[in-house]
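Reading through the structure tokens given below for one structure.
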Amino acid sequence: MNIHSLPYIGVGLGYRHQIESQIASHLDNINWVEIISERYLDQPLELLNPIRDRCPIVPHGVELSIGTDSPIDTHYLSNLCQLANDLNAPWVSDHLAFTRTKDISIGNLTPLQFTDAVVRQVTEKARHVQEVLNRPFLLENITYYFRLPGELTEAEFLRRVVTEADCGILLDVANLYYNSQNMGYDPYNFLEAIPLERVIQVHLAGGHQDRRGQWVDSHSEPVQEPIWRLFEFLVKRSSIRGALIERDQNFPHDFSALLGDVYRAKRILEG
């Protein structure tokens, strides 16, 4: 489970049903795909037959809810482990957030308090998840639009969690940029404050500004230039194993527009 000896898998694309056929037709240009874990738990893997034996597939979850103040759902974790094993996934990822109470799903990635107590709580769970999965586990930074009281900065919180849990980082560069703009901090200082040697995977996505000028993480637009510049800065300082273009809506009619982002990420990642 050594995160520093993981394979390099290149540049991939989020696997979404709206573009399944296009992805399957362009796997000579797309190195790997990321699936939303929950869509394939307790489901026949025949759903992934168009790509299953042709490229690496990485499960990325939204409902683990590692920040919930209760134990990890054992049934969920067992199914996730089975999925990862069936896919021979190089790693598994989820969000540094909470999405549910014990019985109620919030339906949203909600930020955690950046406190010592929450660090200890999340660290214990992350270690448990990684042990059950028996493969590296990555935590992703989320976008947030309000701050909860806490004695740590977001960068300090992330550093503490992944270091003490001995897990990896899925760094969403778009989320970092949007948070820096909405919350008023320097994203490059953030990068210099986290353990970049633990950044295994990167998300690249495009959002939009609402009427108040606030950046919204909508995964609906091409990757913006400030995000590309942050990615270039990061690549020079970290041995990233995989980068992914995320698009969840407003898919371009011409698939070559998405492939253009994939090609640009490859040029940056491969120097």
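Just so it is clear, none of the values below were taken in a lab; they were calculated from the coordinates. Everything quoted here is computed from the prediction, not taken from an experiment. Methodologically, a virtual Cβ is constructed for each residue, glycine included, from the backbone with ideal geometry; neighbour enumeration extends over all protein chains shown.
Scanning region 92-120 for residues that are out of contact with any Lys or Arg (no Cβ under 7 Å at 6 or more places or on another chain) and crowded, with 19+ Cβ neighbours inside 10 Å yields SER93, ASP94, HIS95, LEU96, ALA97, PHE98, THR99, LEU109, PRO111, LEU112, PHE114, VAL118.
Residues that are under 16 Å from the mean Cα position of the chain (by Cα) and in a helix (DSSP H, G or I) do not occur anywhere in region 92-102. All but one of (1) surrounded by 15 or more Cβ atoms within 10 Å (Cβ to Cβ); (2) without any contact (Cβ under 8 Å) to a residue 60 or more places away in the chain; (3) in contact with a strand residue (DSSP E or B) (Cβ under 9 Å, 6 or more places away or on another chain); (4) not β-branched (Val, Ile, Thr) hold for GLY242; which doesn't? The number of the failed condition is (2).
Inside region 127-154, residues that are surrounded by fewer than 19 Cβ atoms within 10 Å (Cβ to Cβ), within 19 Å of ASP116 (Cβ to Cβ) and of a type outside the set (Val, Ile, Thr) make up a count of 7.
Determine if region 189-203 includes at least one residue that is surrounded by fewer than 22 Cβ atoms within 10 Å (Cβ to Cβ), assigned to a loop (DSSP other than H, G, I, E, B) and out of contact with any Leu (no Cβ under 9 Å at 6 or more places or on another chain). No, region 189-203 has no match at all. Filtering region 42-58 to residues that are part of a loop (DSSP other than H, G, I, E, B) and either in contact with a strand residue (DSSP E or B) (Cβ under 9 Å, 6 or more places away or on another chain) or buried (at least 18 other Cβ atoms within 10 Å of the Cβ) (or both) leaves ILE51, CYS55, PRO56. Figure legend. Inter-residue proximity from region 189-218: first residues in contact (Cβ under 8 Å) with a residue 60 or more places away in the chain and under 19 Å from GLU140 (Cβ atoms), second residues assigned to a strand (DSSP E or B) and of a type in the set (Lys, Arg), beta-carbon distance below 8 Å, spacing 6+ or different chains. No pairs are indicated.
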